[in-house]
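Notes follow the structure.
The values are calculated or read from the model by the stated rules, or taken from the named source; none is laboratory data. Computed from a predicted model, the values in this text were never measured in an experiment. Glycine also receives a Cβ, built like all others from the backbone with ideal geometry; neighbour counts cover every protein chain displayed. Note: areas computed on protein heavy atoms with side chains; ligands, DNA, RNA excluded. Shrake-Rupley method; radii C 1.70, N 1.55, O 1.52, S 1.80 Å.
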Amino acid sequence: MLRSAVGSKLMMAFTGLAVLLFVIAHLLGNLQVFGGPDVVNLYALHLKDLCPLLWVARIALLTVFVTHLALAVSLTRRNAAARPQAYAFQIDYPESTVASRHMWLTGWLILAFVVFHLAHFTFQWTHPEYRGLHWKAPDGREGHDVYAMMIAGFSQPFLVALYIVAQIFLWLHISHAVSSMLQTLGLKNPQNENLLGLAGPALATLIFVGYVSIPLAVLFGVVKQASPSG
């Protein structure tokens with residue numbers, strides 16, 4: 001199936017949908033920081049309790065992500081090979097958008113951000129001091145203080161700016177990817193074309209606002225380190 005352009009596009013749509021669902025689930029988990037230290041840290045502790053399943057999910061997600069990226073590169077090369085000589089005149093189509101014309105660029109920039117994000121918060125390679133942040137649950141169990149880590153990370157304006165710029169790239173990518181995915185899956189027709197055309201930008205905007213709200217809330221003191229007295 002992957003040898004055909006149609007098969008590759010279908011697989012790219014399915015892998016893109018899987019990545020999109022993870023982006024939404026990850027956002028919902030991160031938004032729990034607004035509930036305070038206990039809420040977000042308990043959530044992180046529950047994930048840690050699922051350690052074997054969590055690693056299975058991580059490996060599966062990595063496989064899906066790499067497959068999606070490989071398909072994008074393959075389709076780009078296939079399209080380029082179909083017309084080895086460029087058009088004499090470049091035509092600007094009304095339906096063409098900045099997002100649609102730069103999907104490959106935003107995709108690679110998002111990949112670069114994901115690598116940094118993993119090094120920053122997940123593995124704490126860029127900030128090893130995060131590893132010393134511990135939190136004690138109401139039931140006596142101990143875990144990593146994710147809340148304090150997010151406070152420390154997003155108290156730095158440069159990192160906040162970096163995360164916001166990354167979310168702009170994610171918005172551009174999702175705003176076109178969702179509409180393209182719906183079309184590839186055959187869900188788009190003349191009757192709902194306008195409505196589904198708005199689905200991508202609308203969903204991308206919700207995701208953008210959700211992710212950006214976290215670093216901005218920390219930076220401006222809406223979300224802040226709890227006092228020793230609680």
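What to note about this one:
- Overall form of region 1-58 per C-alpha gyration tensor (a/c, 1.5; a/b vs b/c): oblate
- Sequence-separation-based contact order of the chain, relative, with Cα cut under 8 Å and 6+ spacing, percent: 27
- Residues whose placed amide H lies under 5 Å from that of Q156, excluding near-sequence neighbours: none
- Taking every full run of DSSP H in the chain, the ones that stretch at least 27 Å from end to end by Cα along their long axis and average 0.0 or higher on the Kyte-Doolittle scale are 5-30, 51-82, 157-184, 193-219.
- P(r) histogram, all alpha-carbon pairs of the chain included - 10 Å bins from 0, percent: 7, 27, 32, 20, 11, 3, 1, 0
- The sum of -39500 (n - 2.57) across all DSSP H runs of n ≥ 4, divided by the residue count of the chain, sets its helix-only mean residue ellipticity at 222 nm to -23000 deg cm²/dmol.
- If you take all other residues with their beta carbon under 13 Å from the beta carbon of H120, and give Lys and Arg +1 and Asp and Glu -1, the sum is 0.
- A 1.4 Å probe run over the protein chains yields, for the chain, 62 Å² of accessible area per residue, whole-number rounding.
- Estimated at 0.36 nm per residue, the fully extended path between V115 and A217 surpasses their Cα-Cα distance by 34.4 nm.
- Highest-first arrangement of 50-60, 138-148, 174-184, where packing means the average Cβ count within 10 Å: 174-184, 138-148, 50-60
- Protein accessible area in the chain, 1.4 Å probe - carbon and sulfur %: 70
- Rolling a 1.4 Å probe over the protein heavy atoms leaves K9 with an accessible area of roughly 100 Å².
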